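Provided herewith is a single structure, encoded as structure tokens, for subsequent inquiry.
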Amino acid sequence: MSKEWPLWEVFIRGQHGLSHRHVGSLHAPDAEMAIKNARDVYTRRNEGVSIWVVEAQHIAASSPEEKGPLYEPSNSKVYRHPTFFDIPEEVGHM
Amino acid sequence: MYAQMITAEASDEDPKLLEEFQARIDRDEKIEPKDWMPMAYRKTLIRQIGQHAHSEVVGQLPEGNWITRAPTLERKAILLAKVQDEAGHGLYLYSAAETLGVSRDELVELLHEGKMKYSSIFNYPTLNWADIGAVGWLVDGAAIVNQVALQRTSYGPYSRAMIRICKEESFHARQGYHAIMQMAFGTPAQKAMAQDAVNRLWFPAIMMFGPSDSESVHSEQSMQWKIKVRSNDDLRQQFVDQTVPQIEYLGLDLPDPGIKWNEERGHYDYSDPDWSEFFNVIKGKGPCNVDRLNDRTNAWEDGAWVRDGLLAHGRKKAAARTAAE
Amino acid sequence: MADNALFQFLLRMGDNSLILGHRVSEWCGHSPVLEEDIALANTALDLIGQTQFWLGLAGEVEGKGRSADDLAFLRDAWDYRNVLLCELPNGDFGQTLMRQFLYDAWASVMMGRLMTSSDERVAAIAAKASKEVAYHVERSGDTVVGLGDGTEESHARMQAALDYLWPYVGEMFDSDEVDAAMVKAGIAPDPASLREEYDALVGKVLGQATLTIPTDTFHHKGGRTGYMHTEHLGHLLCTMQWLQRAYPGATW
């Protein structure tokens, strides 16, 4: 079995009200230490109010080959964007 | 895994994929970890990012050399925070390299076995307190010139690491200049230390950009792939141009009699460093090569029981948790 | 007397964090793994920051115009008031973390009490420091548990560290006339009164770490009174004070 500490991905909530954002990774022997390491490594400049860590091997990711089928179909659904609809100025803000 | 990559040759790569790959780079698209990439691109990146990471970590040593001797509590805190940042930057860069399929431990072992390099500058000693100012100002100053350019590099994780690092490094050069300013404007002894530091570190600093473009082995392909984005000479000139007036402001003598403003070029001329010295340092014959590598190797080996102990405990905890479920 | 007692008390607080912070900073660049290197530097930075407050206030109370830097860099060993535990050499990483935990546990209890000090300046420093030491003790405690209950080797090394350091723990709870004056003025608690809470905290963590606390109750002393430091402190000061001593009067 590898003697290298597992790799963890670190997500930090920058300010109250915003989502956690991926900020980087680090190594740690377990989840508790991963959170502490994340605190010491990634919040040295007061960057965070909340930390998530997840072992990198547990992240499922979409595959780049499927980029076309996954994301392009939404290109044509222009009606999902508010700017698609022309509303006369007299109607006011909407 | 990395060892296998080094031996694998990329000769039989699909030309159509190569062409599409180059087109993406030409469109300034970022390449991400799971995207297809030529083996040589991957190998070059691992080498470059790995060396960059090693440089940050070995780079802790010359400055760390003065943490216990810093002259005031504030200077001690600033220096410690700065050297700590270098460890952080090493960590970000190892993480970027790890997305390419090599582990941090593998890279560290390659460093310790002498199979990977780090920046030649860190094989020079820090001999007086002004060196700490000079390292922050000249060495980090030179590194920043290079790193700002690298924010636009084509590999996503590397580019993002560079952006974070540049943001954090912005205080490094300033604190160095501030420290050396105190000395240049201080007592005669302090001024002499400042001059000594600039004299010793000037040429090693301008060597950091690597040999002249005409002699650099990796440049052309790396430029085409936007792993490198500006040439060695170009970056070096920028550094000289920005630094000469800063030396003059301190009232110190220029460390190179060849430095002169060239009206026609709109740049400072400067003397070529002694490249034979550079290549000697690269080959392990710098003033501190052996000590630096011993320091790192000892730290790694002395720490093995700690890494193993904490990992064993982590596994025990995980097992207990599973058993309880 | 009252002011001199307060001065002495503040030196004890400031010298503890100064000397321990210095020791921890010696690790920079040499830790077993990058994450630990960064974490240790954070601890050292907190301790240096606390030093600036404690010694700054000490200089103010003394009233002779000495700054925190003057006190840190221009006193000789016998004027230092840190407990011996803080000046002991780093040893291996386990000894450093054990020393850190044994100190952090004391500091976390102490800062909690000082937050209600009758002296507002003391209370304010303690309020800031208490958040830092709360994290320190959690981190060093976790590491002591991890290494104590890790491999056979790490367990043996941590037990050896505890055996070596334990005789230096008792000094943190000694009392003398300085402490009596602080209690009387409502500035600081009697150190002896921290012991129960300390023993509960330390006992719990060392128990989880599967380590055995030595039964011998003897303890070394001489640091917080300045009567007799270890030989180690002089060497530490030689390094730390070198520039200030070699170039008197220079501004850095």
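Given the criteria in contact (Cβ under 8 Å) with a residue 24 or more places away in the chain, β-branched (Val, Ile, Thr) and open to solvent by 10 Å² or more (accessible area, probe 1.4 Å), does C:THR43 qualify?
It is true that C:THR43 is in contact (Cβ under 8 Å) with a residue 24 or more places away in the chain, β-branched (Val, Ile, Thr) and open to solvent by 10 Å² or more (accessible area, probe 1.4 Å).
Of the conditions (1) within 29 Å of A:TRP5 (Cα to Cα); (2) buried (at least 24 other Cβ atoms within 10 Å of the Cβ); (3) in contact with a Ser or Thr (Cβ under 8 Å, 6 or more places away or on another chain), B:TYR158 satisfies every one except a single condition; which number is it?
Here B:TYR158 clears every test but (3).
Listed residues C:THR217, C:THR212, C:THR251, C:THR239; which is open to solvent by 70 Å² or more (accessible area, probe 1.4 Å) and within 14 Å of chain B (Cβ to nearest Cβ)?
C:THR251
Which numbered condition in (1) surrounded by 19 or more Cβ atoms within 10 Å (Cβ to Cβ); (2) more than 14 Å from chain C (Cβ to nearest Cβ) is the only one that B:GLN151 fails?
B:GLN151 satisfies every listed condition except (1).
Please tell me if B:ARG164 is at pLDDT below 95 and basic (Lys, Arg). Break it down stepwise before answering.
Details: at pLDDT below 95: yes; basic (Lys, Arg): yes.
It is true that B:ARG164 is at pLDDT below 95 and basic (Lys, Arg).
Scan the range C:114-137 for residues that are among the aliphatic types (A, V, I, L, M) and free of Cβ contacts under 8 Å to residues at least 12 places away in the same chain and report the count.
2
Let me ask something additional. If the requirement is being touching a residue at least 24 places away in the same chain (Cβ under 8 Å), more than 14 Å from chain B (Cβ to nearest Cβ) and not in a helix (DSSP H, G or I), which of these qualifies: A:TRP52, A:TRP5?
A:TRP52 is the lone residue from the list that is touching a residue at least 24 places away in the same chain (Cβ under 8 Å), more than 14 Å from chain B (Cβ to nearest Cβ) and not in a helix (DSSP H, G or I).
Tell me yes or no: at least one residue of the range C:221-230 is in contact with a His (Cβ under 7 Å, 6 or more places away or on another chain), within 23 Å of C:HIS22 (Cα to Cα), modelled with pLDDT of 95 or more and of a type in the set (Gly, Ala, Ser).
Yes, the range C:221-230 contains at least one residue that is in contact with a His (Cβ under 7 Å, 6 or more places away or on another chain), within 23 Å of C:HIS22 (Cα to Cα), modelled with pLDDT of 95 or more and of a type in the set (Gly, Ala, Ser).
For the range C:142-172, how many residues meet the condition of being crowded, with 17+ Cβ neighbours inside 10 Å, within 13 Å of chain B (Cβ to nearest Cβ), part of a helix (DSSP H, G or I) and not hydrophobic (A, V, I, L, M, F, W, C)?
8
Okay, moving on. Going by what's in this entry, would A:ARG21 be described as outside any helix (DSSP H, G or I), without any contact (Cβ under 8 Å) to a residue 12 or more places away in the chain and open to solvent by less than 80 Å² (accessible area, probe 1.4 Å)? Explain how you work it out, then say what you get.
On the way: outside any helix (DSSP H, G or I): yes; without any contact (Cβ under 8 Å) to a residue 12 or more places away in the chain: yes; open to solvent by less than 80 Å² (accessible area, probe 1.4 Å): no.
Taking the combined requirement at face value, the residue does not satisfy it.
Suppose the filter is open to solvent by less than 20 Å² (accessible area, probe 1.4 Å) and without any contact (Cβ under 8 Å) to a residue 24 or more places away in the chain; does C:MET111 pass it? Lay out the reasoning, then the answer.
Values: open to solvent by less than 20 Å² (accessible area, probe 1.4 Å): yes; without any contact (Cβ under 8 Å) to a residue 24 or more places away in the chain: yes.
Here the answer is yes, as C:MET111 does meet what is asked.
So B:MET223 fits all but one of (1) over 18 Å from the mean Cα position of the chain (by Cα); (2) closer than 24 Å to B:ILE67 by Cα; (3) in a helix (DSSP H, G or I); what number is the exception?
(2)
Report, by residue number, each residue of the range B:30-48 that is in contact (Cβ under 8 Å) with a residue 12 or more places away in the chain and within 14 Å of chain A (Cβ to nearest Cβ).
The answer is B:LYS30, B:ILE31, B:GLU32, B:PRO33, B:TRP36, B:MET37.
With B:GLN195, B:GLN175, B:GLN147 as the choices, which residue is assigned to a helix (DSSP H, G or I) and without any contact (Cβ under 8 Å) to a residue 24 or more places away in the chain? Give the steps one after another, and end with the answer.
Numbers: B:GLN195 fails: without any contact (Cβ under 8 Å) to a residue 24 or more places away in the chain; B:GLN175 fails: without any contact (Cβ under 8 Å) to a residue 24 or more places away in the chain.
Answer to the check: B:GLN147.
Are any of the residues in the range B:298-309 open to solvent by less than 40 Å² (accessible area, probe 1.4 Å), within 14 Å of chain C (Cβ to nearest Cβ) and of a type in the set (Val, Ile, Thr)?
Checked the range B:298-309: at least one residue is open to solvent by less than 40 Å² (accessible area, probe 1.4 Å), within 14 Å of chain C (Cβ to nearest Cβ) and of a type in the set (Val, Ile, Thr).
Residues that are among the hydrophobic types (A, V, I, L, M, F, W, C) and crowded, with 17+ Cβ neighbours inside 10 Å: does the range B:259-275 have at least one?
yes
Looking for something surrounded by fewer than 24 Cβ atoms within 10 Å (Cβ to Cβ), within 14 Å of chain C (Cβ to nearest Cβ) and among the hydrophobic types (A, V, I, L, M, F, W, C) - is there at least one such residue anywhere in the range B:126-144?
Yes, there is a match, as at least one residue in the range B:126-144 is surrounded by fewer than 24 Cβ atoms within 10 Å (Cβ to Cβ), within 14 Å of chain C (Cβ to nearest Cβ) and among the hydrophobic types (A, V, I, L, M, F, W, C).
Please find, among C:GLN8, C:GLN52, the residue that is in contact (Cβ under 8 Å) with a residue 24 or more places away in the chain and open to solvent by 10 Å² or more (accessible area, probe 1.4 Å). Step through it out loud before you land on a result.
Values: C:GLN52 fails: in contact (Cβ under 8 Å) with a residue 24 or more places away in the chain.
Just one listed residue meets the conditions, C:GLN8.
Could we say that C:ASP46 is out of contact with any Leu (no Cβ under 7 Å at 6 or more places or on another chain), acidic (Asp, Glu) and closer than 25 Å to B:ASP308 by Cβ here?
Judged against the criteria, C:ASP46 is not a match.
State the number of residues belonging to the range B:250-283 that are over 30 Å from B:LYS115 (Cα atoms) and either of a type in the set (D, E, K, R) or in a loop (DSSP other than H, G, I, E, B) (or both).
Summing the residues that are over 30 Å from B:LYS115 (Cα atoms) and either of a type in the set (D, E, K, R) or in a loop (DSSP other than H, G, I, E, B) (or both) in the range B:250-283 gives 18.
With the checklist (1) facing chain C (nearest Cβ under 9 Å); (2) touching a Pro at 6+ places or on another chain (Cβ under 9 Å) in hand, flag the one item B:ARG75 doesn't pass.
Looking at each condition in turn, B:ARG75 falls short on (2).
Restricting the first residue to the range C:58-81 and requiring it to be more than 15 Å from C:GLN244 (Cβ to Cβ) and open to solvent by 30 Å² or more (accessible area, probe 1.4 Å), which pairs with a second residue that is outside any helix (DSSP H, G or I) and of a type in the set (S, T, N, Q) meet a Cβ separation below 9 Å and a spacing of at least six or different chains?
Pairs found: C:ARG81/C:THR225.
Failed condition for A:ASP30, given (1) open to solvent by less than 70 Å² (accessible area, probe 1.4 Å); (2) more than 9 Å from chain B (Cβ to nearest Cβ), with all others met?
(2)
Find the residue count for the range B:183-225, including only residues that are in contact with a helix residue (DSSP H, G or I) (Cβ under 9 Å, 6 or more places away or on another chain), under 18 Å from B:VAL244 (Cα atoms) and open to solvent by 30 Å² or more (accessible area, probe 1.4 Å).
7
The values are calculated or read from the model by the stated rules, or taken from the named source; none is laboratory data. Only a predicted model underlies this, so the values are computations on that prediction, with no experimental measurement involved. Note: ideal-geometry Cβ built from the backbone for every residue, glycine included; neighbour counts use all protein chains shown. The area values use the complete protein model at the heavy-atom level, side chains included, leaving out ligands, DNA and RNA. Shrake-Rupley method; radii C 1.70, N 1.55, O 1.52, S 1.80 Å.
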